[in-house]
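In what follows, a single structure is set out as structure tokens and then discussed.
The values are calculated or read from the model by the stated rules, or taken from the named source; none is laboratory data. Remember, predicted model here, so these are calculated numbers, not experimental data. Quick reminder, even Gly has a Cβ in these numbers, built from the backbone with ideal geometry, and neighbours come from all protein chains shown. Please note that ligands, DNA and RNA were not included when accessible areas were found on the heavy atoms of the full protein model with its side chains. Shrake-Rupley method; radii C 1.70, N 1.55, O 1.52, S 1.80 Å.
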Amino acid sequence: MTELRYNHAVNRAMADAMAADPTVVLFGEDVAGAGGVYGATRGLRDKFGADRVRDTPISEAAIVGMAVGAALSGLKPIVEISFIDFMTFAMDAVVNQAAKMRTMFGAQCSVPMVLRTQHGGGAGSGPQHSQCLEAWFAHVPGLKVVCPADPASAYGLLRAAIVDPDPVIVIEHKALYATRVPEPDSLPILPIGKAAVLRPGRDLTIVSYGAALRAVSDAAATLAKEGIETEILDLRSIQPWDEAAVLASLARTHRLMIVHEAVEAFGVGAEIAARMADIGFDELDAPILRVGAPFMPSPVAKALERRYMPNADNILAAARRLLA
Amino acid sequence: MGKTSDIARARRLYRTVLTIRRAEEALAVLLAEGLIPGFIHLSIGQEAVAAGVMDALTPVDTVTSTHRGHGHAIAKGMGLDAFFAELLGRDSGACRGRGGSMHVADISRGMLGANGIVAAGMPIALGSALAHQILGRDAVAVAIFGDGAMAEGLLHECLNLARLWNLPVLFVCENNGWGEFLPTDRQIVFSLDKLAAAHGIAHVAVDGNDVAAVASKAAEVVAGVRKGGGPAILECHTTRVGGHYEGDPQRGRDPADRAANAARDPLIRARAALTEPDAAKIEAEVTAEIAAAVAFARAAPPPKWEDAAASVYTI
Ligand SMILES: Cc1ncc(C[n+]2csc(CCOP(=O)(O)OP(=O)(O)O)c2C)c(N)n1
Ligand SMILES: [Mg+2]
């Protein structure tokens with residue numbers, strides 16, 4: 001049986017997009033010769049040439065700023081920033097330039113660029129290589145943010161990001177690159193802003209995204225053995241996020257938890273909880289709970305990192321509070 | 001001088017320098033009236049850089065500018081109605097009143113925006129140059145920056161990348177000796193020619209208050225970049241006659257420095273290349289154009305709140 005690996009899905013999305021549109025270009029550190037830190041860009045330079053697939057020097061601020069200018073002048077650049085932690089050097093180009101240009105230039109232009117990066121822990125990579133910073137970007141009007149959790153989403157969301165006329169940050173997860181699924185019959189482009197119900201259930205809703213969904217699925221399996229049916233929503237897209245899908249699920253289960261690997265405080269979960277407490281108030285039979293990382297930098301030691309990341313145990317504990 | 005083309009060029013350059021000067025003088029009045037939101041950075045004394053550099057460009061060439069970008073926008077072809085309406089925050093402004101002074105942009109004319117962030121326009125110009133290169137356009141990109149931006153690390157990243165990829169980009173430094181309220185010789189220990197040499201990039205210096213000199217040097221340098229010679233730097237030594245922003249009390253600035261700047265006035269020098277009737281004719285025309293544009297902007301309606309958020313995303 002042929003299988004589809006997450007990093008191969010990412011690669012195929014770029015290859016298909018580049019074949020379909022000669023204005024799509026790719027650049028970043030080690031994307032051309034080495035094929036990317038996680039192998040997601042392997043072979044693309046051979047397919048599309050050194051003009052369109054380029055290794056850059058280690059100059060994040062310049063290369064992301066360059067993507068903005070390229071997007072304004074007729075290209076559709078994809079830039080790989082190999083760790084989301086390195087986006088700190090590129091923040092001006094993302095936040096002050098790409099995100100605002102369409103608005104501040106009175107809709108004269110859009111900025112069709114994609115920033116591919118990856119986040120997350122589990123590999124002992126420490127405080128400067130494990131962060132989940134998606135909420136930073138979701139907080140900035142003008143940006144779109146997606147977090148694919150599986151190979152098909154990695155393909156479908158990246159294709160959508162590349163054709164999208166606005167800047168999109170595609171955040172992959174380092175622990176997902178080697179994950180695989182049976183080769184799907186078809187790989188559709190997935191709409192940005194739409195969540196997916198991964199598991200239907202009637203007793204509680206867990207909204208999550210990215211690699212944290214694995215712990216959520218484990219917890220749901222345990223709960224199922226006890227006769228508790230969890231509805232799992234994969235948000236897929238963080239900005240915009242699928243408010244309607246979350247509300248519809250809440251209306252079915254009346255109990256809501258949000259799980260993410262990012263620090264819990266001021267995170268994506270906080271936004272979802274606040275919105276649902278407002279527009280979903282009448283549906284709620286229990287307080288909305290969040291499970292995320294504690295307010296501290298990511299640890300290196302395995303013993304600490306295991307506890308730091310959301311896991312089936314703390315999700316189960318929260319579920320029991322929710323159902324009590 | 002004497003050839004028809006030289007006379008035409010001198011007229012054209014004087015007209016641009018004068019238009020920028022009169023436009024910014026009008027802005028000072030409008031600001032004092034409370035009609036301009038925020039603060040504005042005037043380029044009085046520096047107009048010859050904008051006029052001379054843009055004279056070397058075609059409409060498909062692209063430019064990124066700075067917080068002091070009014071002159072660049074006007075010289076790149078932004079219409080005066082759109083310019084003044086934008087400065088007044090009106091819906092008929094170049095950016096529908098959403099950008100204002102520090103974000104004047106006219107994408108259709110290759111003016112990719114003034115910029116409120118020091119040095120931020122440089123990599124954008126690089127990207128535009130990359131697009132020109134990959135798409136096989138006969139075009140160059142121009143990154144305008146102030147001498148203060150030389151202290152930003154981004155300049156180094158951009159010079160390195162531009163050379164590495166042989167990008168069709170011209171870096172234009174408006175060296176006015178100031179970065180906000182501190183002379184740049186108290187901020188920066190290196191000179192741009194040495195930095196350029198370290199990156200293997202040609203560096204040309206010019207008196208930025210002599211519009212004819214700027215125009216001919218720019219034409220020469222742009223031609224080289226256009227032919228595929230890779231990046232170049234044009235350093236224009238110029239004078240910021242006023243303060244950092246309009247209304248800046250300029251505490252601690254030596255009055256002699258201001259007087260010396262006035263003596264190098266690029267407007268007077270540009271005028272000297274023309275006959276009196278020629279200059280007077282241009283002056284009458286420019287004065288009328290500015291008056292009409294200011295009247296247009298004053299009467300223009302403000303943007304509507306109802307569609308204020310509509311352009312954040314395309315879809
Ligand atoms: C990144 C950043 N830092 C600081 C500022 C505040 N600031 C605005 S203009 C300016 C001085 C810039 O000097 P220069 O580049 O020489 O331009 P000039 O004002 O002389 O035209 C500063 C520090 C800013 N806008 N952006
Ligand atoms: Mg300066």
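Couple of notes before you dig in:
- Against the criterion of being within 26 Å of B:Ile20 (Cα to Cα), surrounded by fewer than 20 Cβ atoms within 10 Å (Cβ to Cβ) and within 10 Å of chain A (Cβ to nearest Cβ), B:Ile117 qualifies.
- Test: A:Gly69 is open to solvent by less than 10 Å² (accessible area, probe 1.4 Å) and closer than 22 Å to B:Ile117 by Cβ: yes
- Of all residues in the range B:133-191, exactly one satisfies the criterion of being touching a residue at least 60 places away in the same chain (Cβ under 8 Å), near ligand 1 (Cβ under 9 Å from one of its atoms) and aliphatic (A, V, I, L, M), namely B:Ala149.
- Within the range B:194-210, restricting attention to residues that are open to solvent by less than 30 Å² (accessible area, probe 1.4 Å) and farther than 23 Å from A:Glu60 by Cα, the residue that is farthest from the other protein chains (Cβ to nearest Cβ) is B:Asn209.
- Hits in the range A:37-55 - residues which are in a loop (DSSP other than H, G, I, E, B) and open to solvent by less than 10 Å² (accessible area, probe 1.4 Å): A:Gly39, A:Ala40, A:Thr41
- Scanning the range B:120-153 for residues that are open to solvent by 10 Å² or more (accessible area, probe 1.4 Å) and within 16 Å of ligand 2 (Cβ to nearest atom) gives B:Gly146, B:Gly148, B:Met150, B:Ala151, B:Glu152.
- Across the range B:101-114, the number of residues qualifying as in a loop (DSSP other than H, G, I, E, B) and either within 8 Å of chain A (Cβ to nearest Cβ) or open to solvent by 40 Å² or more (accessible area, probe 1.4 Å) (or both) comes to 3.
- Of the residues making up the range B:251-267, those that are loosely packed, with under 11 Cβ neighbours inside 10 Å and assigned to a helix (DSSP H, G or I) are B:Pro255, B:Ala256, B:Ala259, B:Ala263.
- Residues being within 24 Å of B:Glu157 (Cβ to Cβ) and more than 16 Å from ligand 2 (Cβ to nearest atom) - total across the range B:202-217: 3
- Residue check, B:Ser191 of a type in the set (Ser, Thr, Tyr) and either under 24 Å from B:Asp55 (Cα atoms) or buried (at least 24 other Cβ atoms within 10 Å of the Cβ) (or both): no
- Breaking point among (1) in contact with a helix residue (DSSP H, G or I) (Cβ under 9 Å, 6 or more places away or on another chain); (2) more than 8 Å from every other protein chain (Cβ to nearest Cβ); (3) not aliphatic (A, V, I, L, M), for B:Pro123: (2)
- Each residue in the range A:265-280 was checked for being of a type in the set (Phe, Trp, Tyr) and within 19 Å of A:Thr253 (Cβ to Cβ), and 0 pass.
- Among the residues of the range B:162-181, some residue qualifies, meaning at least one is surrounded by fewer than 19 Cβ atoms within 10 Å (Cβ to Cβ) and outside any loop (DSSP other than H, G, I, E, B).
- Looking across A:Ala71, A:Ala20, one residue alone is more than 10 Å from chain B (Cβ to nearest Cβ), closer than 19 Å to A:Ile162 by Cβ and of a type outside the set (Asp, Glu). It is A:Ala20.
- Test: residue in the range A:133-149 that is closer than 12 Å to A:Ala9 by Cβ and not acidic (Asp, Glu): yes
- Criterion applied to B:Arg137, B:Arg163 was being at negative phi and in contact with a Gly (Cβ under 6 Å, 6 or more places away or on another chain), and the one residue passing it is B:Arg163.
- Only residues that are open to solvent by less than 10 Å² (accessible area, probe 1.4 Å), part of a loop (DSSP other than H, G, I, E, B) and hydrophobic (A, V, I, L, M, F, W, C) were counted across the range A:119-153, and they come to 2.
Table: residues versus (1) assigned to a helix (DSSP H, G or I); (2) away from ligand 2 (no atom under 16 Å from the Cβ).
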{"site": "B:Gly200", "(1), (2)": "no, yes"}
{"site": "B:Val222", "(1), (2)": "yes, yes"}
{"site": "B:Arg226", "(1), (2)": "yes, yes"}
{"site": "B:Glu235", "(1), (2)": "no, no"}
{"site": "B:Arg240", "(1), (2)": "no, no"}
{"site": "B:Arg269", "(1), (2)": "yes, yes"}
{"site": "B:Asp278", "(1), (2)": "yes, yes"}
{"site": "B:Ala284", "(1), (2)": "yes, yes"}
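- Pick from the range B:44-86, criterion within 15 Å of ligand 1 (Cβ to nearest atom) and within 14 Å of chain A (Cβ to nearest Cβ), ranking: farthest from B:Gly179 (Cα to Cα): B:Ala73
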